[in-house]
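A.B. asks: Here it is: the structure, laid out below.
None of the figures in this text is laboratory data; all of them are computed from the coordinates on show. A quick note: this is a predicted structure, and the numbers were derived from the prediction, not measured. Here Cβ is always computed from backbone atoms with ideal geometry, including for glycine, and neighbour counts include all displayed protein chains.
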Amino acid sequence: MTTQELKNRTFEFGVRAISAVEALPKTETARILGRQLLHAGTSVGANYRAAARARSQAAFISKLGVVEEECDESAYWMEVFIAHKLLRRAQLKSLLAEANELLAITVASIKTARRRHRA
């Protein structure tokens, strides 16, 4: 997968996270929890873009670490929404799967980058 494809995919993930938050019920709890997904979900793409522009291998690895954390956190908040019946599992199935796929891609990229950095 190219850098541009991942930029597009992480951007689209953030857009879809926004849509998920907008689908939440209009309660105080949903508003507060929704902000968490809004922050984490949109941060995935922003930090991936920053990683792609990193000036060093160490900076690249560091930024990808942030992407990893934000993907995982996004999945966590979606699981909370499901557990508290704020959204149905079916509504989040595709987005949650994308969070986990992006997480796996990011972890693999970090491992590869670390190997190259050590060499």
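A.B. asks: Along the charge dipole of segment 3-118, which of Ala46, Cys71, Ala30 sits closest to the positive end, that is, farthest toward it, with unit charges on the beta carbon of Lys, Arg, Asp and Glu (+1, +1, -1, -1)?
C.D. replies: Most positive-ward Cα: Ala46.
A.B. asks: Here's a follow-up. Taking the Cα centre of segment 1-58 as the origin, how large is its charge dipole in debye, to the nearest 20, when only Lys and Arg (+1) and Asp and Glu (-1) carry charge on their Cβ atoms?
C.D. replies: Dipole magnitude for segment 1-58 comes out near 200 debye.
A.B. asks: Given points 7 Å out from each Cα along the Cα-Cβ axis, report the Glu69 to Gln4 separation in nanometres with one decimal.
C.D. replies: Simple spin-label model gives 3.1 nm for this pair.
A.B. asks: Excluding same-chain pairs closer than 8 in sequence, count the lysine pairs in segment 3-118 whose Cα atoms lie under 23 Å apart.
C.D. replies: 7
A.B. asks: For a protection proxy built on the mean count of beta-carbon atoms within 10 angstrom, sort 21-34, 66-79, 90-103 highest first, please.
C.D. replies: 66-79, 90-103, 21-34
A.B. asks: So, one more: Report the gain in length on full extension from Val15 to Ala54: 0.36 nm times residue separation, minus Cα-Cα distance, nm rounded to one decimal.
C.D. replies: Gain on stretching Val15 to Ala54: 11.7 nm.
A.B. asks: R0 = 30 Å: FRET efficiency of Glu22 with Val107, Cβ-based, nearest 0.05?
C.D. replies: Approximately 0.55, to the nearest 0.05.
A.B. asks: Along each of the three principal axes of the Cα atoms of segment 3-118, give the extent in whole Å, ordering the values from largest to smallest.
C.D. replies: 48, 21, 19
A.B. asks: Tell me the net charge near Arg9. Cut-off is 10 Å between Cβ atoms, Arg9 excluded, with +1 for each Lys or Arg and -1 for each Asp or Glu.
C.D. replies: With Lys, Arg at +1 and Asp, Glu at -1, the neighbours total -3.
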